[in-house]
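Chemist: One structure, pasted below without further comment.
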Amino acid sequence: MEEIDLLSVRSFWGNTSFMHAFSPSRGASGGILAILDPNCISHKRTFTSNWFIAIEAIWTNSGLEVLFIVVYTPQVADCKRQLWNDITQIISSSPGECIITGDFNEVRDESEILGTTFSSANAHSFNDFIDHLDLVDVPLGGPRFTWSDKCGTKFSKLDRFLVTEGIFSSFPHLTGLVLEKKTPDHRPILLLEHCVDYGPTPFRVFHSWFEMAGFDDIVRDSWIQPMNGVVLDNPWVIFKKKLQLLKSNLRKWNINCWDLVATKKKNIQDSIESIDSRLMSDDGSTTLREQRVTLLKELADLDHSSQLDIFQKANIRWNIEGDETSSYFHGIINHKRRQIAIRGLMIDGAWIDNLVRIKEELNAYYQSLFSESRKCRPLTGATHFSTLCWINV
């Protein structure tokens, strides 16, 4: 097929508001069709090849420059390597971010293939291509494989989304989904922005709090504070309420404390700047130099507290290669969030992304792990054990 008519494209898209690019089939290999919505995407230019279509465009809402590449990778290993090189050159010359999708006809490791021979050399070449361009392989929810033969004896993950890290700055909740197969041998895959919110994050105690003045007092005062309206007959209710009160007081204390720290840090920096100006004009004295050393130590102590928090939230590499305002720092955070985010679960062969259902299934699973398999417990004949005395709080 040398060209595709607009009616056929419209049958895929559903309306007349579209633009498309087409690469015809080569022998037994199918062609490539890319369709864009001009209301969302502003087209700049298109590159067409035997094995891919590359479209430079601008995301209208955000102004983000994006290079969309749709691939249909050949089976021959030499042609694959040539395709990786061609795409590398196009991406290197493109000023914006990149999204690559399609049938890559290649897997990354042995776990992505079943029933066929795994080629470590081809997988190594494919992984080198991904690593060289710093592409992110978007995790796909749903079935494990995207392709199967007609007999159902061979399975592979041949279809995927590869994106540059900058895409996640505009779409931090980006995820992929493998849809139902129906008739074709390939399952469709969908890239979507799916925000997962399971409610408030757990309360955490930071190590730096133990070095701050007033932390011990806030804990002690919260613990001895009377629990008005709480039934004193149930010690577990009292314990729970005290922990809730302590958490609430610590949140307020932390906010006020860090406001004071920020103010104090700014005053110290201003004082050091003033002392430096006097020292550079030869108007300094031994007392000023001693004051400067003291102020530097106080500033180092304040920085140490914030570094403890950063170290606790991250790994040591953050302190070496980035800080809390760098793109590297935020890139690592987003990467970890994508890794630990539960977008959905496969339940009885169906992909479930309903958050309430996911919570119920996870709760049931862990409840079964920690529940007792036998109700009858062994008894002892001893009746005189030492006991703790009861103290009303």
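Chemist: Which residue out of V178, V136, V163, V107 is under 22 Å from I342 (Cβ atoms), of a type in the set (V, I, T) and in contact with a helix residue (DSSP H, G or I) (Cβ under 8 Å, 6 or more places away or on another chain)?
Modeler: After applying the criteria, what remains is V136.
Chemist: Can you name the residue in segment 175-196 that is free of Cβ contacts under 8 Å to residues at least 60 places away in the same chain and over 23 Å from E110 (Cα atoms) and is also least open to solvent (accessible area, probe 1.4 Å) among such residues?
Modeler: Of everything passing the filter in segment 175-196, L192 is least open to solvent (accessible area, probe 1.4 Å).
Chemist: Hey, another quick one. Can you tell me how many residues within segment 63-93 are open to solvent by 20 Å² or more (accessible area, probe 1.4 Å) and at negative phi?
Modeler: 20
Chemist: With (1) outside any loop (DSSP other than H, G, I, E, B); (2) within 24 Å of D353 (Cα to Cα) as the list, and P172 as the residue in question, which single condition is left unmet?
Modeler: All conditions pass for P172, except number (1).
Chemist: Additional query: Could you say whether any residue in segment 8-31 is of a type in the set (S, T, Y), assigned to a strand (DSSP E or B) and surrounded by 18 or more Cβ atoms within 10 Å (Cβ to Cβ)?
Modeler: Yes: one or more hits.
Chemist: Check every one of the helices (runs of 4 or more DSSP H) wholly within segment 277-393 and list those with 2 or more residues that are modelled with pLDDT under 80, exposed (fewer than 14 other Cβ atoms within 10 Å of the Cβ) and among the charged types (D, E, K, R).
Modeler: In segment 277-393, 286-313, 316-321, 327-340 are the helices (runs of 4 or more DSSP H) which contain 2 or more residues that are modelled with pLDDT under 80, exposed (fewer than 14 other Cβ atoms within 10 Å of the Cβ) and among the charged types (D, E, K, R).
Chemist: Restricting the search to segment 179-206, which residues are at pLDDT below 75 and either assigned to a strand (DSSP E or B) or within 26 Å of the chain's Cα centre (by Cα) (or both)?
Modeler: Hits for segment 179-206 are V196, D197, Y198, G199, P200, T201, P202, F203, R204.
Chemist: Mind checking which residues of segment 117-151 are in contact with a Lys or Arg (Cβ under 8 Å, 6 or more places away or on another chain) and open to solvent by 50 Å² or more (accessible area, probe 1.4 Å)?
Modeler: Result: P139, R144, W147.
Chemist: Also, quick follow-up: Whether any residue in segment 40-47 is part of a loop (DSSP other than H, G, I, E, B) and either buried (at least 16 other Cβ atoms within 10 Å of the Cβ) or in contact with a Phe, Trp or Tyr (Cβ under 6 Å, 6 or more places away or on another chain) (or both) is what I want to check.
Modeler: Looking through segment 40-47, none of the residues is part of a loop (DSSP other than H, G, I, E, B) and either buried (at least 16 other Cβ atoms within 10 Å of the Cβ) or in contact with a Phe, Trp or Tyr (Cβ under 6 Å, 6 or more places away or on another chain) (or both).
Chemist: All but one of (1) modelled with pLDDT under 80; (2) open to solvent by less than 90 Å² (accessible area, probe 1.4 Å); (3) assigned to a helix (DSSP H, G or I) hold for L250, so report the exception by its number.
Modeler: With respect to (1) modelled with pLDDT under 80; (2) open to solvent by less than 90 Å² (accessible area, probe 1.4 Å); (3) assigned to a helix (DSSP H, G or I), L250 is out only on (1).
Chemist: Across segment 217-233, what is the total count of residues that are over 13 Å from K247 (Cα atoms), modelled with pLDDT of 70 or more and surrounded by 10 or more Cβ atoms within 10 Å (Cβ to Cβ)?
Modeler: Total satisfying the criteria: 2.
Chemist: Additional query: Please state which of the following conditions K154 fails to meet, knowing it meets all the rest: (1) touching a residue at least 40 places away in the same chain (Cβ under 8 Å); (2) surrounded by fewer than 17 Cβ atoms within 10 Å (Cβ to Cβ); (3) within 25 Å of Q89 (Cα to Cα).
Modeler: Of the numbered conditions (1) touching a residue at least 40 places away in the same chain (Cβ under 8 Å); (2) surrounded by fewer than 17 Cβ atoms within 10 Å (Cβ to Cβ); (3) within 25 Å of Q89 (Cα to Cα), the odd one out for K154 is (3).
Chemist: Which of (1) touching a residue at least 24 places away in the same chain (Cβ under 8 Å); (2) over 16 Å from I69 (Cα atoms); (3) polar (S, T, N, Q) is the odd one out, the single condition T117 does not satisfy?
Modeler: If we test T117 against (1) touching a residue at least 24 places away in the same chain (Cβ under 8 Å); (2) over 16 Å from I69 (Cα atoms); (3) polar (S, T, N, Q), just (1) comes out false.
Chemist: Please indicate, with yes or no, whether at least one residue in segment 53-62 is touching a Pro at 6+ places or on another chain (Cβ under 8 Å), closer than 25 Å to L135 by Cα, at pLDDT 90 or above and surrounded by 13 or more Cβ atoms within 10 Å (Cβ to Cβ).
Modeler: No, segment 53-62 contains no residue that is touching a Pro at 6+ places or on another chain (Cβ under 8 Å), closer than 25 Å to L135 by Cα, at pLDDT 90 or above and surrounded by 13 or more Cβ atoms within 10 Å (Cβ to Cβ).
The values are calculated or read from the model by the stated rules, or taken from the named source; none is laboratory data. Since this is a predicted model, take the numbers as computed values, not measurements. A quick note on method: Cβ atoms are made from the backbone with ideal geometry, for glycine too, and the neighbour counts reach across all protein chains shown. Just so you know, the surface numbers come from the protein's heavy atoms only, side chains and all, with ligands and any DNA or RNA stripped out. Shrake-Rupley method; radii C 1.70, N 1.55, O 1.52, S 1.80 Å.
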